[in-house]
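Bear in mind that the values in this text are calculations on the coordinates, not laboratory data. Please read these numbers as outputs of a predicted model, since none were measured by experiment. Note that each Cβ is placed from the backbone with ideal geometry, even for glycine, and that neighbours are counted across all protein chains shown.
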Amino acid sequence: MVIGDILLPAHVVVGLRCSDRAQLISELSSIASKTVALSQGLLSGRLLERERLGSTGVGDGVAIPHARFEKLAQPFALFARLQQPIDFDAIDGKTVDLVFLLLLPAASSREQLPLLASVARHLRQQAIARELRAAADASTAFQVLTRA
């Protein structure tokens, strides 16, 4: 499974304004809830619960908030480039401006861990991160994210 298998052009946001991690999770959950038919409260609650276990800020300005949901049949992805970087308690201490939300089915799947690792590797490539930060719009960012 690759990013293009789970990310739709409509699920790419460029210039999202958030002041902190909780607000970001709330905003992303609100957007996702319109597609996955799960409540914004359930999504944000589970994502924040996951963040309490340890930050999903993977370094180099990238965060991959993720959580599992019983009523989700397939993975859902949402990418956001923030207008201003925020503190995300990332492993390298750097602020975050590239965020890839992953909502995953609760059922164990061999594809889920490799998918998470693939997203992290992809977004942490300096050339890709640079292109995402320079993308003029969501369409361009989508093309960068889904280019093989």
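Annotations for the structure displayed:
- Antiparallel DSSP beta bridges within the stretch 3-146, percent to nearest 5: 45
- Between residue 49 and residue 73, the contour length at 0.36 nm per residue exceeds the alpha carbon distance by 6.6 nm.
- Taking the chain and dividing mean pair separation by its residue count, relative contact order in percent (alpha carbons under 8 Å, at least six apart): 29
- Across the options 74, 48, 128, the greatest Cα extent toward the positive end of the charge dipole of the stretch 3-146 (unit charges at beta carbon of Lys, Arg, Asp, Glu) belongs to 74.
- For residue 59, the residues whose amide H sits under 5 Å from its own are 91, 92, ignoring neighbours fewer than 5 places away on the same chain, with H placed 1.01 Å from N.
- In order along the stretch 9-24, phi translates into HN-Hα couplings of x, 5, 9, 10, 10, 10, x, 5, 9, 8, 9, 7, 4, 4, 5, 4 Hz, rounded to whole numbers, per the Karplus curve 6.51 cos²θ - 1.76 cosθ + 1.60 with θ = phi - 60° and x for Gly and Pro.
- Förster radius 30 Å - calculated FRET efficiency between residue 5 and residue 127, Cβ distance, rounded to 0.05: 0.85
- Charge dipole magnitude, Cβ of K and R +1, D and E -1 - the stretch 2-148, Cα centre, debye nearest 20: 180
- For the stretch 120-137, 3J(HN,Hα) computed residue by residue from phi via the Karplus equation (6.51, -1.76, 1.60; θ = phi - 60°) reads 4, 4, 4, 6, 8, 5, 4, 5, 5, 4, 4, 5, 5, 5, 8, 4, 6, 7 Hz, glycine and proline entered as x.
- Counting only Cβ charges, +1 for Lys and Arg and -1 for Asp and Glu, the dipole size of the stretch 29-88 around its Cα centre is about 220 debye.
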